[in-house]
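Participant: Below: one structure in structure tokens.
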């Protein structure tokens, strides 16, 4: 099976493993399988605030979480009461999170639920001001919506907005805040709770009870990835400072360890044909590891290492290559078989980038924090297709795009945009 076919079949498989999802859904961070790859075609290449915008919905507060789409609904999170403005942050005791459901067709708010924060709140200062208190993207299995708010817990809602349970995953705090997103596997919600408890946690979807906890994580803000091994087994792989772990997602048992990025890790993993690709670090590093090993596998399963990485944004795998735009606005393409850098190209006046690139219809969509969205050809020869701006919205765009029904969904601190024909 070719790498391209495997990647697309993985996305399709992820859509039939949970109820009531179809190919138009984008049910978690970076879409089906968390791969950042869409099967949609005909998406817009160019837009502005007055062109190719189906609708714009104002939001009740900022947030770095990405929107997700299920059927006729869009879900996302925000916060208010504290930390909305760096110059006038307000009182920590007033911090509230919100879980929002919008109509996919016109952006109307269908429900808006407040979640009281566990206090005292993390002080709104330092690096936390870069993204705030609503940075974890929800996940949905077609029956329930799962939302992670750090030390305020993991919560489940039904699709009409009724809270079903709330699970405590730890009370730890960190100057960078919390930002990992839930991953769904069988009857479990799995969360990297490094900040809260230095642990990876599996929670029962129905009851909210802790099913397992794997402790010992090191400086990781990376959302784990489910990976199918060459033997047809599913492993959960997490990237952290200095190591990658392969974990049995059902039991939480650690299966293997490989050396990893020698720095704290934010980008999520992607995989193809049983090979896991990790990037990260302030100086930039990338590596590929074959899943399915046991014990220490650095000498046996490490495929390649490269001096190319990203501090925050995650990569995509497409047609045998890895693509990403790093936090400084540098676009990368690597040969996924060898780790060879095919190109490294600075995007003009891109500024800083926290959102992860997504691939759709042979194009890469890269959202910058303040300079709009770059559209790049998804092929080994760099080609900039468009640079789109949504001025006068001058707020930060930290969220990664969602794709559904021929539209892109872009989220700023002020609004959610549905990009495409009305």
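Read-outs throughout are calculated quantities, based only on the coordinates presented, and are distinct from any laboratory measurement. Bear in mind the structure is a predicted one, so any value in this text is a computation, not a measurement. Neighbour counts are summed over all protein chains in view; Cβ atoms, including those assigned to glycine, are modelled from backbone coordinates with ideal geometry.
Participant: Using a cut-off of under 19 Å, list every residue of the range 235-255 whose amide N is near the label point 7 Å from the Cα of residue 299 along the Cα-to-beta-carbon line.
Facilitator: The answer is 243-244.
Participant: Follow-up. I'm a student and want to see the number: the projected area of the Cα convex hull of the range 157-210, averaged over all directions, in nm². The partial results should precede the final answer.
Facilitator: On the way: hull surface 16.2 nm².
That works out to 4.1 nm², a quarter of the Cα hull's surface.
Participant: Between residue 41 and residue 307, what is the label-point separation in nm under the 7 Å Cα-to-beta-carbon projection?
Facilitator: Label at residue 307, label at residue 41, 4.3 nm between them.
Participant: Taking a temperature of 37 °C and a viscosity of 0.692 mPa s, what whole-number D in µm²/s does Stokes-Einstein yield for the range 23-103 with Rh from Kirkwood over alpha carbon pairs?
Facilitator: Numbers: Rh = 15.1 Å.
Answer, rounded: 217 µm²/s.
Participant: Across all directions of projection, what mean area in square nanometres is found for the Cα convex hull of the range 263-422?
Facilitator: On the way: hull surface 40.6 nm².
Over all viewing directions, the range 263-422 projects a mean Cα-hull area of 10.1 nm².
Participant: Grab the beta carbon distance between residue 88 and residue 48, set R0 = 41 Å, and tell me the FRET efficiency rounded to 0.05. Don't skip to the answer; put the middle values down first.
Facilitator: Numbers: r = 31 Å, r/R0 = 0.77.
That pair, residue 88 with residue 48, gives E of 0.85.
Participant: Could I ask something else about it? For residue 341 and residue 114 in the same chain, what is the full-extension length gain: residue separation times 0.36 nm, less their Cα-Cα distance, in nm?
Facilitator: On the way: separation 227, 0.36 × 227 = 81.72 nm, distance 4.59 nm.
Once the chain is fully extended between residue 341 and residue 114, it gains 77.1 nm.
Participant: I would also like to ask the following. Once you have the Kirkwood Rh of the range 65-157 from its Cα pairs, apply Stokes-Einstein at 20 °C and 1.002 mPa s and quote D in µm²/s.
Facilitator: Details: Rh = 13.9 Å.
In µm²/s, the coefficient is 155.
Participant: Suppose the Debye formula is applied to equal point scatterers at every Cα of the range 154-306; what is log10 I(q)/I(0) at q = 0.12 Å⁻¹?
Facilitator: -0.49
Participant: Starting from the 7 Å offset along Cα-to-Cβ, what nm value, one decimal, do you get for the label separation of residue 248 and residue 204?
Facilitator: Those two pseudo-labels are separated by 1.9 nm.
Participant: Could you give P(r) for the range 315-401, binned at 10 Å from zero, as whole percent values over all Cα-Cα pairs?
Facilitator: The distribution over the range 315-401 is 19, 54, 23, 4, 0, given as percents.
Participant: Using just the Cα positions, wrap the range 243-285 in a convex hull and report its mean projected area in square nanometres, one decimal place. Write down the numbers at each step before the final one.
Facilitator: Values: hull surface 13.9 nm².
Mean orientational projected area (the range 243-285, Cα hull): 3.5 nm².
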